[in-house]
Amino acid sequence: MELVSQLVLIAVSAAIINNFVLHYFVGICPFLGVSRRVDMAFGMGCAVTFVISVAALLSWLCTEYILRPGAPLTSWLTGNPEADLSILNYIVYIFVIASSVQLVEMYLRKFFPPLYKSFGVFLPLITTNCAILFACLEIMKHVSIGAGAGAWGGGGGEKWGLAAAMVLAIAGGVGFTIAIVIMAGIREDLDHCDVPKPLQGAGITLLVAGILALAFMGFSGVDSNLKKAISPQDPPAATATTPGDPTEGDPSP
Amino acid sequence: MANDGPAPLERFLNGILPENPVYRQLLGMCPTLAVTGNMKAAMTMSAAVMFVMICANLITSSIRHLLKPHLRILVFVLTIATFVTIADRVLAAYLYQMSKELGPYIPLIIVNCIIICRCEVCASRQGLGAAAFDAVGQSIGFALALASIATVREILGAGTWFGITLLSESWWPVWGIMVLPPGAFITLGFLLGGVNWLSMPRGKKSAGCGVR
């Protein structure tokens, strides 16, 4: 129960409340560049979601077993239980991302040539998509928490397992897809509008993104209410707020 | 050898306005939007980007004859990741508060398109001098762009500039939205429109050449 509520919170928070694009500003380049048509935007979103999941899986494994302070594999190899390779974090992550993009590219080219053709140049460009590295970094922050040696402190909360990391990655990818598809829908309609010349292109896109971000800010309270609703440690509040809760509404401590 | 690109000084000047990374090429949008809530963060970010860009450009330029076409981008990214790790550790050691505030955006410099773009366009084709001038010019252009956005956002959103109170709370109701995410998008949108509008009468095309 504890795990499920944690996962639901992570998913809702990553996909909607703290949307990767509209709250953390990661993945802005494809958000501006590939949001001209809905079908292309959706394809990009799917590709990013897929790569993000592969990269998150690999980077979680690397962090947990090799990179974090006191990681089992490193300690066993060096004979030093305090071994800490976290200085290599960024290099390993970027390597993992580049390889998973390469892997996805080869797989698609072999088994789904039409899909591969339709992605075209976007696939290699995903390597430099900030959203993926951002997901890896979030995971790193939460995996190396136990030892307290994250590269930048590390926030509160408990250590994440593989499930939490995967949920964050997939929900983040879904959030990216939601944002880019909404944007593409609006931009298709914008084609018929009389936009002032200096604002055409990126300018109006950014303004629309601002309004979208404003709309997504409306979700910001959902986080704490949902926590109250599904948190097992807080039975009185939970019973009070369960009616409006669509997910795990039953608190069983 | 193949010194066919623009001269070092031209590279330097190009970076500041004609090929400004943010307003002209639309590159490196993540930090541009994310860390411009106040001037201090924006300037720290610019300094980190400048350090990484100069080092990465110099390294790339000195190994440009060894680069294989299909491994090019990977080499760039790994070079950049090394210097970003250095910058991150230095910030965490000497400016801990700022490093916490910038959070994931320092490591995200690795995938900042500006640096990869400069490695690709300039450093992998030209000598050390041109690469160094290019890096300095581009990062000054980046710093100016960040400063312009941060100035608008901090003054309107908090009434301060570099922490100095400019607009007193007594007669200026702060626009809290400007330091929040929507303010970043809206400010950059309007500034981009403004820059395009200013450069239109001179016959320059408002080109978004860097949009990918």
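The values are calculated or read from the model by the stated rules, or taken from the named source; none is laboratory data. Computed from a predicted structure; not experimentally measured. A quick note on method: Cβ atoms are made from the backbone with ideal geometry, for glycine too, and the neighbour counts reach across all protein chains shown. In case anyone asks, the SASA skips ligands and DNA or RNA and just uses the protein heavy atoms, side chains included. Shrake-Rupley method; radii C 1.70, N 1.55, O 1.52, S 1.80 Å.
Observations on the structure shown:
- The C-beta contact set for the range B:63-76 (first residue closer than 22 Å to A:LEU125 by Cβ, second residue not in a helix (DSSP H, G or I), distance under 7 angstrom, 6+ apart or interchain) comprises B:LEU67/B:SER124; B:ARG72/B:SER124; B:VAL75/B:LEU67.
- Test: A:LEU58 is part of a helix (DSSP H, G or I) and within 14 Å of chain B (Cβ to nearest Cβ): no
- Here A:VAL48 passes the criteria (1) part of a helix (DSSP H, G or I); (2) within 12 Å of another protein chain (Cβ to nearest Cβ) except the one numbered (2).
- Here B:ILE177 clears all of (1) touching a Pro at 6+ places or on another chain (Cβ under 6 Å); (2) open to solvent by 10 Å² or more (accessible area, probe 1.4 Å) except the condition numbered (1).
- Subset of the range B:137-151 that is out of contact with any Phe, Trp or Tyr (no Cβ under 6 Å at 6 or more places or on another chain) and within 13 Å of B:MET53 (Cβ to Cβ) - its residue that is surrounded by the fewest Cβ atoms within 10 Å (Cβ to Cβ): B:ILE140
- If you go through the range B:124-136 and keep only what is assigned to a helix (DSSP H, G or I) and open to solvent by 10 Å² or more (accessible area, probe 1.4 Å), you end up with B:LEU128, B:GLY129, B:ALA132, B:PHE133, B:VAL136.
Conditions tested, residue by residue: (1) more than 19 Å from B:ILE140 (Cα to Cα); (2) at pLDDT 85 or above; (3) part of a loop (DSSP other than H, G, I, E, B).
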site: B:PRO18; (1), (2), (3): no, no, yes
site: B:VAL22; (1), (2), (3): no, no, yes
site: B:LEU33; (1), (2), (3): no, yes, no
site: B:LEU67; (1), (2), (3): yes, no, yes
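- Residue count, the range A:224-237 (criterion: surrounded by fewer than 16 Cβ atoms within 10 Å (Cβ to Cβ) and at pLDDT below 75): 5
Matching residues to (1) within 14 Å of chain A (Cβ to nearest Cβ); (2) of a type outside the set (Gly, Ala, Ser):
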| site | (1), (2) |
| --- | --- |
| B:GLU10 | no, yes |
| B:GLY15 | no, no |
| B:GLU19 | no, yes |
| B:LEU27 | yes, yes |
| B:LEU33 | yes, yes |
| B:THR79 | yes, yes |
| B:LEU95 | yes, yes |
| B:GLY103 | yes, no |
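- Residues considered: B:LEU26, B:LEU13, B:LEU17. Of these, the only one that is open to solvent by 10 Å² or more (accessible area, probe 1.4 Å) and on the phi > 0 side of the Ramachandran plot is B:LEU26.
- Yes/no for B:VAL121 being surrounded by fewer than 24 Cβ atoms within 10 Å (Cβ to Cβ), at pLDDT 85 or above, in a helix (DSSP H, G or I) and more than 8 Å from every other protein chain (Cβ to nearest Cβ): no
Yes/no matrix, rows are residues, columns are (1) crowded, with 21+ Cβ neighbours inside 10 Å; (2) within 8 Å of chain B (Cβ to nearest Cβ):
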{"position": "A:ALA169", "(1), (2)": "yes, no"}
{"position": "A:GLY185", "(1), (2)": "no, no"}
{"position": "A:THR205", "(1), (2)": "yes, yes"}
{"position": "A:GLY210", "(1), (2)": "yes, yes"}
{"position": "A:SER220", "(1), (2)": "no, no"}
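- Some residue of the range A:32-40 being under 14 Å from the mean Cα position of the chain (by Cα) and assigned to a helix (DSSP H, G or I): no
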